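Heads up, the thing below is written out as structure tokens.
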Amino acid sequence: MEDYGQALEFINAALGPLGVFYIVGFFGFVMILMTAPLLFRTKPDPLNKLKGSSVNLGNKKDKDKAIRLRYDSGGRQLERFKPYLEPKDQKTYTATRMKLIQAGYRTRNAVSIYHLFRFGLGMALLLLGTVYMLVAGGDNPSLTTVILTVLGPGLVGYYFPDYWVERRRQVRQEDVTNGFPDALDLMLVCVEAGQSLDQSILRVSAEIKNSYPTLAEEFEIVANEMRAGKERVTVLRDMGERCGVSDISAFVTVLVQSASFGTSVSDALRVYASEMRDKRVMRAEEKANTLPTKMTLATMMFTVPPLLLILVGPSLYEISTALF
């Protein structure tokens, strides 16, 4: 007990009253680093074995080309870490995958990269906060100071990728919403000129690529999937899920109902394009009506104080001069 007491006094004298927690955290981090290679050791992928024992494809250049066509080459080094980076729950994985797709991240390992960034940024900022606390924290820091200095940056780093993805998703949805009425008008012109719906979608994706690249990319995906033989209804519904915009979902419903009941696609597009133009005007009017309310705070902060200073300042100066 005396040795334990002396060791505790030495730790408190060297690292402060929270020195025990620092030592426990350090040894815990060392144990995690020691066990990480054992956790990340996975069995070889059967697809890799199949790839190694495949039939002769000719020269090495043709074989590499075939492999690039079949497999996504982006981030393949994360394959062994997938069981530890991706969520186990299928519902959570699907929701995260859909959120990343709506934000524009469509690679096969997007979910793994997303969780890797969350873990990496959280741990990096947590270590930076710990180092800062040890260097400039003082002799007797309070528990609140330790929590804010150490855990605060870690939480910010952990949730920053979530904020970034959500912001990207909102920007893409706004881009799709702004460009959709013009794309519908162009699609209506193409259909009335005699082109099929597939050809009109491909033409629209090429025409609006410079103005609305996000919407053009979605239309290009739809055109390629239709040319690959996928059903039109499934392709359109997938587009509605990828975009996450109510206008696109309603547009998909209109086309599906038009195909189900055998009505004219051009008539359906004409009516819906007119509604989208009216809806865009209503959104512009709504933003214009909210502008005076938003300007009230700026007016009070930047106009009223200078005005009061100009009007009341000379009088206060004369009063202070007369009194003192």
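Read-outs: derived from the displayed coordinates by stated rules, not from any lab. Quick caveat, the model's predicted, so the values are computed rather than measured. Cβ coordinates were reconstructed from backbone atoms using ideal geometry, including for glycine residues, and neighbour counts include every protein chain displayed.
Table for the structure above
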quantity	calculated
Extension gain from MET300 to ALA250, taking 0.36 nm per residue of separation minus the Cα-Cα distance	13.8 nm
At R0 = 51 Å, FRET efficiency that the Cβ-Cβ distance of LEU316 and ARG283 yields, to 0.05	0.60
Residue-span extension gain [SER264 to SER142] - 0.36 nm each, minus C-alpha spacing	36.6 nm
Per-residue Cβ neighbour rank within 10 angstrom, fewest leading, LEU121, LEU316	LEU316, LEU121
Sorted by Cβ density within 10 Å, fewest first, the residues ARG168, ARG227	ARG227, ARG168
Per-residue Cβ neighbour rank within 10 angstrom, fewest leading, PHE302, PHE117	PHE302, PHE117
Qualifying trypsin sites (Lys or Arg not before Pro) for segment 230-305 [loop in DSSP, other Cβ within 10 Å: at most 14]	LYS230
Computed label-point distance, nm, for sites ARG237 and VAL156 using a 7 Å Cα→Cβ extension	4.5 nm
